[in-house]
Amino acid sequence: MTIECSNLEAAYSPALRRPILHNIDCKIEQGEFVALLGLNGAGKSTLLRSFVGLVPYKKGEIRINDTIMNPRTIARIRHDVGMIFQGGGLVKQLPAIDNVLCGCLSSLTPWQTLWGFPKKKRDRALELLDNFGIQELAYQTTGKLSGGQQQKVAIARALIQAPKILLADEPTTGLDVIAAQQVMEILARLHRDRGMTVIVVLHDLGMASTYPERAIVLDAGQIVYDGKCHNLADKFSKLNQPKTEENIIKTR
Ligand SMILES: Nc1ncnc2c1ncn2[C@@H]1O[C@H](COP(=O)(O)OP(=O)(O)O)[C@@H](O)[C@H]1O
Ligand SMILES: [Mg+2]
């Protein structure tokens, strides 16, 4: 599935004295693994959330596989796009398996969940946790798991609806090096083995140079670099300079 943004502009922010996102033009092809980078407040989370219709926009359009995002198409689009929110967005008091099962709530009717989730879904949730090596933690309270284990639960929750695109907002922030690598390996495997389109917001330029193939760098709500993950530190050193045409590097 492809994601295409044309001339996207999100709401004006009086505090920033500019739109939160503006002049966003990008196309992400089926099966790409993309890092979304930028300093704090650059607009990374806003852009990612706009791909699942969570951000009203003033101008431009977003097309997911040629379907224009609008109130009528959002539900269908959300079925194909899994999102891992910043911080995981898990219900900490629930067992891990229930958090995973929450990911398929939108595809089930109230009757189907009246006496708990169907066995097929429970089996699938356990299978996903098993894929990530944490099946034995399925019935543990999520809040008691380590940060890395919780992030795996959050990925399993996004995957249970079998999305074609996976969006992850800072899935490695706050994790130790090993756990962060494990999370990136999982995302890389989904991209490599299943051909999934993966877009991940990262803070760590080292991670961004190791796993994804393409980087999109945002600065003050605009795309300032879109290309290969080479010399990212160099791209970042340009971010605080006044924005002139010469500073806008666009290689694709
Ligand atoms: N709903 C909102 N209303 C007003 N300002 C917002 C809203 N969402 C985000 N912003 C502002 O837009 C800017 C970009 O936010 P965000 O996308 O969260 O940045 P990032 O994820 O790159 O750190 C920030 O300055 C933030 O304060
Ligand atoms: Mg953010």
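Every number in this text was worked out from the coordinates using simple rules, so none of it is lab data. Please read all numbers here as calculations on a predicted model, not as lab measurements. Ideal geometry is used to build each Cβ from the backbone, glycine not excepted, and the neighbour counts take in all protein chains shown.
If you take every DSSP beta bridge fully contained in the chain, what fraction is antiparallel? Give it as a percent rounded to 5. Let's see the in-between values first.
Working: 21 of 39 bridges.
Around 55 percent antiparallel, to the nearest 5.
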_Whichever aspartates and glutamates have a C-alpha closer than 19 Å to that of LYS238, once near sequence neighbours (fewer than 8 apart) are set aside_ = ASP204, ASP219, ASP226, GLU246
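Based on Cβ point charges of +1 for Lys and Arg and -1 for Asp and Glu, what charge dipole magnitude is obtained for segment 3-247 about its Cα centre, in debye rounded to the nearest 20? Don't skip to the answer; put the middle values down first.
Details: 29 positive and 25 negative charges, 152 e Å.
For segment 3-247, the charge dipole is close to 740 debye.
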*Among VAL224, THR141, PRO110, flag the residue with its Cα farthest along the positive direction of the charge dipole of segment 3-247, charges on Cβ as +1 for Lys/Arg and -1 for Asp/Glu.*
PRO110
*Folded to 0 to 90 degrees: helix 119-131 orientation relative to the chain principal axis, Cα*: 60
*Are any of the pairs LYS59/LYS164; LYS27/LYS59; LYS164/LYS235 more than 22 Å apart by Cα-Cα distance, and if so, which?*
LYS59/LYS164; LYS164/LYS235
